[in-house]
Structures are given as structure tokens and as C-alpha cells.
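Below: the structure, in C-alpha cells.
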Amino acid sequence: MKSRRDSRRAARRIFRACFADSRLDTERVRRAVRSLGGQKPRQGLAVLEEFHRLVRTEVTRWQLRIESAAPLPPECLAELQARVAARAGRPVESAASVNPALIGGLRLRLGSDVWDGSVAQRLRQLEVQSEK
């Protein structure tokens, strides 16, 4: 019986094989999943779950989410995307949304990194400082 550690190791090995030119290749991911499903290895479900987690983390790592209190013009969105891509060192996919709760400003999220320049965040910081 494979241990959880062996399942993680197998998933990481498969995950690394799914890269081409330092990017996750969706066709290789599909083939890996089909292959795992067809072979039905021991602890296959555990391997697939870990593989899914790794793929999901890699995909969200390069997705830029832009939240603003009001709709932003397309040229502003394009400039934000270009600046974040330059900072990240590779192209990013972006999605913009309007969140009136921000009151003003922007919140950018790239993977697990968050840059929050919203009025709502500054008000929360002031509230925390005033409680001290």
C-alpha cells in the first residue's frame, strides 16, 4: 500500500512532466489525467487529488484579479496587466470586477499575493491602530 508521501511524490513527478517551456501544458495535463484514470494505480485517487491541487495552484498563480470600486477603462486595465506581468516576469491572465465595498482604490491579486490600495483597507488599518 502506498503512503501519502508516495502519492505526493508521484503527483509531483507527473506534475513536473506536464511543463513545456516553463509553462504548464494543458494537453500534457489532459494526457496525464487520462493515463492515471486508465491505469488505476494504487492510491490513484490520492495521486489525482494531489495532482489537482498542484495544477490548480499553478493556474491561479498566474491569474491577475483586479477589483475596483468603479468600472475601469480598458486602457487602464491593460496598463495594470502589463505592469504586473513585468513585475511577475511572465504574461498573466487578468479578470476585472467591480466591488463597491472597496469605496475607492484598487485591490490586485496575483496568485496568493495581494496588493490592497483600497479606501476600505485603509479604514480597517486605522480602526486597528485606534484600538491599540
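Just need a number here: residues in the stretch 107-130 that are touching a Leu at 6+ places or on another chain (Cβ under 8 Å), in a strand (DSSP E or B) and either in contact (Cβ under 8 Å) with a residue 40 or more places away in the chain or among the polar types (S, T, N, Q) (or both). Residues flagged as touching a Leu at 6+ places or on another chain (Cβ under 8 Å), in a strand (DSSP E or B) and either in contact (Cβ under 8 Å) with a residue 40 or more places away in the chain or among the polar types (S, T, N, Q) (or both) within the stretch 107-130 amount to 3. The single condition among (1) surrounded by 14 or more Cβ atoms within 10 Å (Cβ to Cβ); (2) polar (S, T, N, Q); (3) touching an Asp or Glu at 6+ places or on another chain (Cβ under 9 Å); (4) within 30 Å of Gly105 (Cα to Cα) that Gln43 does not satisfy is (4).
If the requirement is being of a type outside the set (Asp, Glu), farther than 23 Å from Asp113 by Cα and either surrounded by 15 or more Cβ atoms within 10 Å (Cβ to Cβ) or not assigned by TED's automatic domain parsing to the domain that holds Gly111 (or both), which of these qualifies: Arg23, Arg28, Arg56?
Numbers: Arg23 fails: farther than 23 Å from Asp113 by Cα; Arg56 fails: farther than 23 Å from Asp113 by Cα.
Sole residue among the options that is of a type outside the set (Asp, Glu), farther than 23 Å from Asp113 by Cα and either surrounded by 15 or more Cβ atoms within 10 Å (Cβ to Cβ) or not assigned by TED's automatic domain parsing to the domain that holds Gly111 (or both): Arg28.
Considering only residues that are in a loop (DSSP other than H, G, I, E, B) and either in contact with a His (Cβ under 6 Å, 6 or more places away or on another chain) or modelled with pLDDT of 80 or more (or both), which ones fall in the stretch 30-42? None; the set is empty.
When Val47 is tested against the conditions (1) closer than 18 Å to Trp115 by Cβ; (2) touching a Pro at 6+ places or on another chain (Cβ under 7 Å); (3) of a type in the set (Val, Ile, Thr), the lone failure is (1). Inspection of the stretch 73-82 finds no residue satisfying the criterion of being closer than 26 Å to Val55 by Cα and either within 14 Å of the chain's Cα centre (by Cα) or basic (Lys, Arg) (or both).
Only residues that are more than 22 Å from Arg90 (Cβ to Cβ) and not acidic (Asp, Glu) were counted in the stretch 1-29, giving 12. Hey, does the stretch 56-77 have a residue that's outside any strand (DSSP E or B), under 25 Å from Leu24 (Cβ atoms), in contact with a Gly (Cβ under 8 Å, 6 or more places away or on another chain) and not polar (S, T, N, Q)? For the stretch 56-77, residues outside any strand (DSSP E or B), under 25 Å from Leu24 (Cβ atoms), in contact with a Gly (Cβ under 8 Å, 6 or more places away or on another chain) and not polar (S, T, N, Q): present. Number of residues in the stretch 63-120 that are aliphatic (A, V, I, L, M) and at positive phi: the value is 1.
The values are calculated or read from the model by the stated rules, or taken from the named source; none is laboratory data. This one's a predicted model, so the numbers in the text were calculated from it and none came from an experiment. Here Cβ is always computed from backbone atoms with ideal geometry, including for glycine, and neighbour counts include all displayed protein chains.
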